Amino acid sequence: MSLSETNKSTPSSEFQENLEILRQIYFFSGLPLETLKIFAYLCTREKFKQGEHIFRQNEDDGQAFYLVEGKARLERKDNGVATVVRDCETGEFLGGLTLLGETGRLFSLKSVTDTTCLVLNREKFAKTMEQFPDLLMKICKAVAHSIHNWEKRLLTAQEDQCGECMVRMGVTLI
């Protein structure tokens, strides 16, 4: 068996898996490989049992999450009544804005199944960005692009559904 065949049959390391995940997330997409490697190293993997909260509404945990495996439910509680917003699946990235500044969560995320998340916290993110301050603009561009695309999709969906909702649009005007 050749060395390349041996490497193909060996499972990739968690670091390599983290790196591949980060390369696919819009938030990190414009960053050079060297920076992505640092973030891949700094990320942790956390496991949450079915029914356990990953994060809670109104808390500022300073963490971004990528669902590596499992399913979680996004909920919002108002006046003691919890409303399901949507289910989040493997491959979703949540909380990128939390890395950029202090913000209380507007939603709670609760695991529906046993769930594994790739987690990066604000402190580690900020310390890394201090070393590469010119990269912050690339992240801001990625976030702005994502917000623009989100609102554009929402506008298209709202044309047929909710004329009253249109007056609440305009997040891209910030």
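The values are calculated or read from the model by the stated rules, or taken from the named source; none is laboratory data. Because the structure is a prediction, the values reported are computed rather than measured. We place every Cβ from the backbone using ideal geometry, glycine too, and count neighbours over all the protein chains shown. What goes into the accessible areas is simple: the full protein's heavy atoms, side chains included, and nothing from ligands, DNA or RNA. Shrake-Rupley method; radii C 1.70, N 1.55, O 1.52, S 1.80 Å.
Which residues, counting only those in the stretch 23-52, are among the polar types (S, T, N, Q) and more than 17 Å from the chain's Cα centre (by Cα)? Can you show your working first?
Taking the stretch 23-52 and keeping what is among the polar types (S, T, N, Q), we get 24, 29, 35, 44, 50.
Within the stretch 23-52, THR35, GLN50 meet the criteria.
Tally up the residues in the stretch 104-114 that are surrounded by fewer than 17 Cβ atoms within 10 Å (Cβ to Cβ) and either under 20 Å from PHE27 (Cα atoms) or aliphatic (A, V, I, L, M) (or both), please.
3
Quick check, is GLY91 surrounded by fewer than 16 Cβ atoms within 10 Å (Cβ to Cβ), of a type in the set (Gly, Ala, Ser) and within 14 Å of the chain's Cα centre (by Cα)?
The answer is yes for GLY91.
Within the bounds of the stretch 98-112, is there any residue that is in contact with a helix residue (DSSP H, G or I) (Cβ under 7 Å, 6 or more places away or on another chain) and not polar (S, T, N, Q)?
yes
May I ask you to say which residue of GLU130, GLU159, GLU151 is open to solvent by less than 40 Å² (accessible area, probe 1.4 Å) and either at pLDDT below 90 or among the acidic types (Asp, Glu) (or both)?
GLU151
Going through the stretch 34-51 one residue at a time, which ones are in contact (Cβ under 8 Å) with a residue 60 or more places away in the chain and open to solvent by 10 Å² or more (accessible area, probe 1.4 Å)?
Looking only at the stretch 34-51, we keep the residues that are in contact (Cβ under 8 Å) with a residue 60 or more places away in the chain, and these are 35, 38-39, 42-51.
If the condition is that a residue be in contact (Cβ under 8 Å) with a residue 60 or more places away in the chain and open to solvent by 10 Å² or more (accessible area, probe 1.4 Å), then ILE38, LEU42, CYS43, THR44, ARG45, GLU46, LYS47, PHE48, LYS49, GLN50, GLY51 are the ones that fit.
Results for (1) free of Cβ contacts under 8 Å to residues at least 60 places away in the same chain; (2) surrounded by 18 or more Cβ atoms within 10 Å (Cβ to Cβ), shown as yes or no for each residue.
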| residue | (1), (2) |
| --- | --- |
| PHE55 | yes, yes |
| GLU69 | yes, no |
| VAL81 | yes, no |
| VAL84 | yes, no |
| GLU102 | yes, no |
| THR116 | no, no |
